[in-house]
Structure formats: structure tokens, C-alpha cells
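Quick notes on the structure that follows.
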């Protein structure tokens with residue numbers, strides 16, 4: 001692993017060199033490195049917890065909130081979870097070398113389109129030190145070197161964890177520089193990392209809007225932003241209202257703080273009188289704050305009505321990430337699609353309908369990474385999609401869209417084999 | 001088609017709206033638009049040639065070089081070629097709606113990964129007015145709206161051609177705004193276009209380094225740069241020297257002004273004494289200027305030797321795009337791979353060898369879009385690869401690498417269908 005005395009440029013150059021070896025390495029070697037990371041986490045448990053205690057102590061002194069301190073906290077159980085997660089990644093199929101297409105061309109040339117590692121991936125993240133191991137495992141598994149830049153609040157924890165990962169790479173016969181940690185969590189290091197376009201192939205920031213803002217306008221390295229999700233559930237005129245109720249509740253309540261939770265409910269006017277009172281009562285019973293348009297309000301009475309809040313224009317564009325839901329009534333499927341096009345973030349959008357044509361229209365017209373028919377938006381997840389693991393979700397349209405799994409950490413190359421072929 | 005009175009922002013918003021209709025359109029409708037473009041080119045031949053004559057006249061007055069005037073020139077034959085090219089694109093398989101993966105998940109959800117259009121693609125190009133039709137045809141075929149920004153020197157020609165394409169879209173029942181032309185070839189319009197990230201999904205610049213420099217640091221819309229190619233032919237110790245000679249000559253001489261032509265020849269020292277005199281004589285006979293290292297020079301005598309130029313450090317990094325070739329001797333396959341890693345642009349790289357292990361090592365270790373074994377780098381081309389057509393070549397690793405064909409103008413979405421599924 002790179003020592004703290006190295007410059008960001010030096011670290012990235014060393015990672016680039018390591019990436020060449022990784023690209024030519026076989027699955028078994030990389031899987032051995034992952035198994036050794038898992039073992040290292042278990043055998044170096046005391047060292048990890050001691051380093052983490054230093055970070056927690058500094059965090060308390062610096063006045064970090066309880067929520068941030070909890071994110072920073074490592075426990076034996078959490079560390080064992082990291083080891084188990086690493087073994088799960090090791091058990092996934094190797095994305096490297098997979099044949100994506102090709103065949104024999106007319107002139108007899110043999111063309112192969114082959115998946116290959118991207119090279120060097122930089123991961124920029126905030127408090128949670130477990131990301132150090134997640135990121136190292138996913139990058140090594142996909143044949144990539146990684147440059148990690150964690151939060152300054154997790155300096156001691158990250159140093160030990162990155163050391164375990166680098167040691168594991170070395171013990172498997174891979175270059176130690178395959179896992180490097182950039183010391184210092186400042187904006188200067190971030191800007192330096194984001195401009196290493198000669199050696200770094202991709203930056204994945206995992207963090208909030210502040211991190212995104214710090215990268216935008218600075219980065220010359222390609223960036224895939226982990227997505228924000230302003231997700232909608234649209235209950236169509238032809239909806240089965242039992243399914244609509246179950247999906248709406250799940251999408252909003254099951255884990256409101258994540259990007260694939262729903263933020264807006266749209267209901268077709270033909271079913272609004274039946275559905276709105278029932279769904280709002282159920283949401284209200286779960287403690288959801290309801291921000292509603294005028295037509296929605298007119299359908300509700302009693303206690304629940306007294307707790308409704310009038311939706312502002314801004315509410316339709318807000319990712320609440322909390323037990324808050326905007327609710328509106330639309331006159332048509334087209335109006336729902338139009339609303340989602342205007343306010344959605346292209347993450348996950350659901351229609352509840354029994355009408356095949358409505359479903360097909362929604363599927364085609366809604367421009368989002370994941371479109372659901374009669375299912376909760378909460379399923380947008382690499383694990384749920386059978387991709388095994390993910391490092392985030394992308395709402396970009398180029399390269400990776402939706403869950404960023406092992407394949408999305410790769411590119412491809414064409415390999416063309418001939419017998420002295422020349423072009424005429 | 002957008003009129004010149006509209007702002008760049010208005011044009012892009014109209015294109016975005018058109019893109020929604022295009023995304024839901026079927027192949028037959030889009031193919032009909034392409035056929036109508038082809039017919040329009042034929043029936044409006046006189047109008048096209050008259051507009052082109054105005055551009056040529058203005059170009060002559062402005063003192064454009066003969067080479068630039070030739071690029072600007074449209075002839076009946078060239079226009080008929082554009083029509084034929086458009087019909088070829090129409091005949092290609094539709095990339096939209098292709099199923100890229102999926103299946104039934106453990107919980108019974110049906111997951112489909114489906115190819116869909118990107119949305120709005122901006123193409124920025126220089127003198128050649130035929131790109132107006134190429135770009136419109138490829139974008140419409142792939143279900144995308146396009147915003148075209150040609151050179152100011154081709155204003156009249158591009159206006160007529162874009163009008164033909166927009167009329168064709170409209171006559172097929174697609175929105176006229178599916179093909180829009182940005183008037184004015186200035187840098188201000190370019191910067192405005194490059195920052196329409198709310199409505200434009202991708203910019204593809206087709207032009208030289210000046211265009212690239214004008215976009216870098218300004219663009220907030222994702223850009224795929226058409227590549228520069230510093231391509232190598234490496235003649236291995238185990239090369240068949242007849243194949244090596246044929247491939248080297250083809251890669252350098254057949255069309256030196258394009259990005260997949262070779263710029264550097266590397267020869268393993270074990271075959272240098274046999275190969276260098278023969279290949280340099282053959283290249284010299286074709287008028288190639290040879291910039292050679294010291295060891296190469298020592299192997300050549302006579303007339304050819306007198307015309308050799310000593311290679312400078314800069315020559316190894318130069319894309320000559322001309323009948324000029326840098327030639328060096330390496331001690332090993334690894335040194336060749338190292339040299340290509342240090343100096344190549346990741347475009348197209350070739351090894352000539354009969355040794356399977358050497359070929360495999362080169363394939364894996366060389367980080368380029370296209371790696372050739374015993375074949376000329378000149379084959380890097382969408383048409384040659386069976387992709388039917390291309391709008392450029394990418395040396396980026398994200399999204400599109402190598403030829404940018406119809407599929408590369410698309411993204412994908414996940415469509416997930418359930419029966420009221422919720423996440424537990």
C-alpha cells in the first residue's frame with residue numbers, strides 16, 4: 001500500500017502499473033486475495049477496533065453527531081460482516097475475459113469483443129470505513145487497481161483496513177499497489193485525484209451533494225455519480241388497488257433513507273376516490289408526513305386530513321429521504337409520464353396497473369434506469385437484480401445505468417486475429 | 001426543423017420532446033423516415049447543389065484551401081452516395097428494444113435489460129456537409145433526436161440537408177424537431193450547446209484537436225471524442241516476416257491520413273537484421289519518410305540509409321497522419337508492450353507473431369480499443385467489424401470503445417415486472 005508520504009500523482013502512477021499486472025491475472029489469484037482479506041479482517045480484529053477507537057475518540061472531540069459516530073463505528077459483528085461480504089464477492093463469477101460478442105468476419109478475420117478491467121478506479125467516500133473493504137474487494141475481483149480516498153474522520157480505521165487489503169493482494173502474488181489509500185481528506189487532495197486522467201480511468205464518489213459539487217467542474221477523470229433518486233409510484237386507472245397499497249407502503253416506508261425509496265405518489269383520478277383515503281390512512285398510520293395537492297386533500301376527511309400539508313412546487317422535485325411523501329392526482333397516464341419526465345431523476349419509477357397497454361406505454365416512455373410494473377421501486381439493487389454486489393447506483397445513461405456491479409467496473413476490447421490480413 | 005431564430009436552448013428542449021416520441025416509435029416508421037431522406041436527396045439534388053455552390057463561392061472568397069474546398073464540395077455522385085449510405089443504415093437491424101439480459105429472479109420478478117435510445121445526441125462537425133445526413137440517419141435509426149452543429153463554411157448546404165432530414169421525419173409521422181440544426185458555427189454556440197445537460201444526453205465532436213480543446217473544460221454534457229490514433233505494429237521474434245511486411249505496408253501506406261493507420265513500427269532485435277532492411281526499402285519505395293532509432297539506422301545502407309531521419313523523443317508520441325513512420329528496435333515483447341503503454345493512444349495495436357503465447361500476452365497486456373494479431377490496424381472500422389456503420393471511433397473506455405455504431409448510440413434500461421411484489 002502507498003505510504004502517506006507519497007503524492008497523489010505517485011500513488012496513481014503506482015496503481016496504473018499495478019493495474020497492468022491485474023489485467024493479466026487469473027480469477028483464482030484474485031479470489032485468493034479476497035479470501036486473504038476476509039481472513040485478515042478476522043485475525044486483525046483487535047488492531048481494527050483499536051484504530052477505530054482512535055477515530056471515534058477524535059470524532060467525539062470534534063463534536064460529530066451521534067448518527068455520524070454510528071456510521072464510523074466498527075464492532076466485531078460489523079467487521080465479521082465485512083469479511084462475509086468479501087467472501088460473497090469472491091464467490092461471484094469473474095467478469096474479466098467474458099466474451100461479449102464476435103465471430104468470423106467475411107474476410108476470415110476472427111473478431112472477439114472481450115470484457116476487460118477498466119484499469120484504475122478511484123473511490124471517494126465518506127464516514128463509513130467498511131467502504132474501504134467493499135471497494136477494494138469489488139475492484140480486485142474485477143481486475144482493477146483502486147485508489148481509495150476516505151473521510152478524514154476515519155483515517156485510522158481506513159489505514160488499517162487498506163493495509164489488510166494491500167497485504168492480501170501481495171500475499172496472493174499481486175502488486176501491493178493494487179490497493180492504495182490517499183491520506184488526507186481535504187478538498188485539495190480530492191481535486192488532485194480528480195485530475196489524474198493519465199492514470200485513473202474512473203472516479204466513483206459515494207456521498208452527498210457536497211461531494212458531487214466538489215467534483216463537478218474540477219474532474220477531468222470520468223465520474224459516475226452514485227444517484228439521487230426522486231422515485232415515483234403511479235397508480236393507474238386500471239390498478240389492482242390492493243397491489244397499489246402494498247407497493248406504495250413498501251416503496252415509502254420500508255427504508256425511507258435510501259435512493260430507491262418513493263418520494264411521490266401519483267394517482268389516476270378514476271381511482272382516486274377509492275384509493276386516496278385508504279392509502280393516506282395507511283401511510284399516516286406509519287408516521288408518513290403527506291404533502292398533497294388540492295384534489296387529493298378534498299378526498300380525505302377526519303384526523304388524517306388535519307395532518308395533511310399542502311404540497312409546494314418544490315416538493316415534486318425533492319428527494320425527502322425521510323418519512324415524507326408528495327401525493328398528487330393526474331388525469332391520465334400521459335400526465336403521469338409527463339410529470340415523471342419533468343420531476344424524476346431517472347432512477348426508479350413504478351406503475352401499478354392490470355392494463356397491458358398502459359404498462360407497455362409506461363415502460364417505453366419513462367426514461368429511467370429502472371422501470372417497475374406492479375412492483376416496488378425498492379428492488380433497484382445489485383443484489384436483488386442478481387448482480388451479486390454493487391458499489392452504487394447510476395442515473396447516468398452512459399456506460400453504467402442502474403446498479404454498478406462487477407461488470408460495470410469493466411470495459412471491453414476488440415481482439416482481432418488474422419493470418420497476415422491487410423485491408424484492400 | 002428548428003429555424004435560425006430559435007436559441008440553442010429552445011432547439012435542445014424541442015429535440016428532447018421529440019426524443020420521447022422517437023423512443024416509443026417502431027422500426028418501420030424510423031426506416032421510412034430514412035428512405036424518405038434518401039429520396040429527398042435524389043429529388044432535391046438541384047437545390048442541394050445550388051446551396052453548396054453558395055458555400056463554395058463564399059469559401060473561395062474567404063480563401064479556404066483547395067483541400068477544405070474539396071471537403072465542402074458536393075457533386076451529384078457524392079449526393080447519390082449519401083442517399084445510398086442512408087438506405088444502407090435503414091437496412092441495418094434496429095438496435096432499439098434488443099434484449100440484453102434478464103430472466104426470472106428468485107422472488108418471481110421478471111427482469112429485462114433492454115436497449116433504448118440515449119435521447120438527444122448533439123453532433124459537432126467540420127467542413128464535410130455529408131455528415132449532416134450521416135448523423136441524422138444514424139440518430140433516427142437508433143431512435144435518437146439529433147442536434148447538428150456544422151461548420152459555418154457549410155451553412156447553406158447543411159441548412160438544405162437538415163431540412164430534407166427533418167421533412168423526412170415529419171412525413172414518416174415523427175416530430176420534425178427530431179433533426180435540428182444549430183445555426184452559426186461560432187464558439188459561443190458551441191459552449192451553449194455543450195452545457196445543455198438537462199436536455200442533451202451526449203455530444204460527439206467530429207473534428208480535430210481544436211474542436212476537442214474548445215469542448216474540454218466547458219462541456220457539462222457527456223462527450224465521446226472521436227479518437228486520435230497513435231497506432232503501432234510490433235514485429236515479434238516469432239513473426240512470419242512476409243506477413244509482417246504486408247501488414248506494415250498496409251497499416252502505413254494504404255490510407256495514411258486516417259486514425260487507424262500505423263505511426264510506429266517496433267521490431268524485435270532477433271529479427272531486426274532480416275526484417276529492417278527489407279521493410280524500410282519497401283516503405284521508402286512507397287515514399288514513406290522514416291524516422292528511426294540508432295539501432296535501426298545501423299542495419300540499413302545505401303540510398304535508403306541516406307534518406308533516414310533520426311527519430312526524436314517526440315516522434316514516438318506523434319500521430320503523423322501522413323507518409324511518415326517512426327521505427328524502433330526492442331529487446332523483448334515486454335519492451336514492446338511497455339513502449340505501446342507509454343506512447344500509444346489506446347486505439348489500434350498490432351502484433352505479428354506465430355507464437356501463441358506471445359499473441360496471448362500481447363492481447364491481454366495492451367490496453368487499447370482494438371488489438372490485432374497478424375492483421376492490419378486499418379481494420380478498425382464499424383463497417384469492417386460488421387456493425388454496419390459508424391459515427392467515429394472512441395478511445396475512451398467508458399460506454400463506447402472502438403467503433404461507435406448504432407448500438408453505441410443507445411443506453412439501456414431495466415424493466416421489472418411483478419404481481420404486487422414488495423421488498424422484505
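The numbers here are math on the coordinates, done by the rules we state, and not lab data. Quick caveat: nothing in here was measured; it's all calculated off a predicted structure. Note that we place each Cβ from the backbone using ideal geometry, even for glycine, and neighbour counts take in every protein chain shown.
The percentage of C-alpha pairs in region B:132-262 whose separation is greater than 18 Å is 65%. When both bridge partners sit in chain B, DSSP labels roughly 30% of those beta bridges antiparallel.
Taking label points 7 Å from Cα along the Cα-to-Cβ direction, residue A:322 and residue B:324 give a separation of 6.4 nm.
Dividing the convex hull volume of the alpha-carbon atoms in region B:73-195 by its residue count gives 125 Å³ per residue.
For chain B, the longest principal axis of the alpha carbon atoms and the long axis of helix B:76-91 meet at an angle near 80°.
From helices alone, chain B scores -13000 deg cm²/dmol at 222 nm; the rule is -39500 (n - 2.57) for each run of n ≥ 4 DSSP H residues, then divide by the residue total. Length gained on full extension, residue A:75 to residue A:152, computed as 0.36 nm times the residue gap minus the Cα-Cα distance: 25.8 nm. With the highest mean first, a sort of the peptides B:86-94, A:152-160 on other beta-carbon atoms found within 10 angstrom per residue produces A:152-160, B:86-94. Name the residue, out of A:335, A:349, A:314, whose mean-square fluctuation peaks in a Gaussian network model built on chain A with Cα pairs under 10 Å. Of A:335, A:349, A:314, the most mobile in the Gaussian network model is A:314.
Compute the whole-percent fraction of alpha carbon pairs in chain B spaced more than 35 Å apart. Summing the P(r) of chain B above 35 Å gives 39 percent of all pairs. Rounded, prolate or oblate for the protein assembly as shown? Axes are the square roots of the Cα gyration tensor eigenvalues, ordered a ≥ b ≥ c, and the cut-off for rounded is a/c under 1.5. In terms of gyration-tensor shape, oblate. Cβ-Cβ distance of residue B:57 and residue B:88, R₀ of 30 Å, FRET efficiency by 1/(1 + (r/R0)^6): the value works out to about 0.40.
Each copy carries residue B:257; placing its label point 7 Å along the C-beta direction from Cα gives inter-copy distances of 6.2 nm, listed from smallest up.
Legend: mean number of C-beta atoms from other chains within 10 angstrom of residue C-beta atoms, peptide A:362-372, equals 6.
With respect to chain A, whose longest principal axis is taken over its alpha-carbon atoms, helix A:27-43 is tilted by about 80°. Have a look at the DSSP beta bridges in the protein assembly as shown and tell me what percent are antiparallel, nearest 5. Of the beta bridges lying entirely in the protein assembly as shown, close to 25 percent run antiparallel. For residue B:104, inter-copy separations between label points set 7 Å beyond Cα along the Cβ vector come to 3.8 nm, shortest first. Applying 1/(1 + (r/R0)^6) with R0 = 56 Å to the Cβ-Cβ distance of residue B:304 and residue A:191 gives a FRET efficiency near 0.60. Relative to the longest principal axis of the Cα atoms of chain B, the long axis of helix B:8-23 lies at roughly 80 degrees. Between copies, the label points at residue B:84 (set 7 angstrom from Cα along Cα-to-Cβ) are spaced 6.6 nm, reported in nanometres from shortest to longest.
In chain A, the beta carbon lying closest to the axis that superposes A onto B belongs to the residue given here with its whole-angstrom distance, A:399, 2. Seen from all directions on average, region B:231-379 presents a Cα convex hull projection of 7.2 nm².
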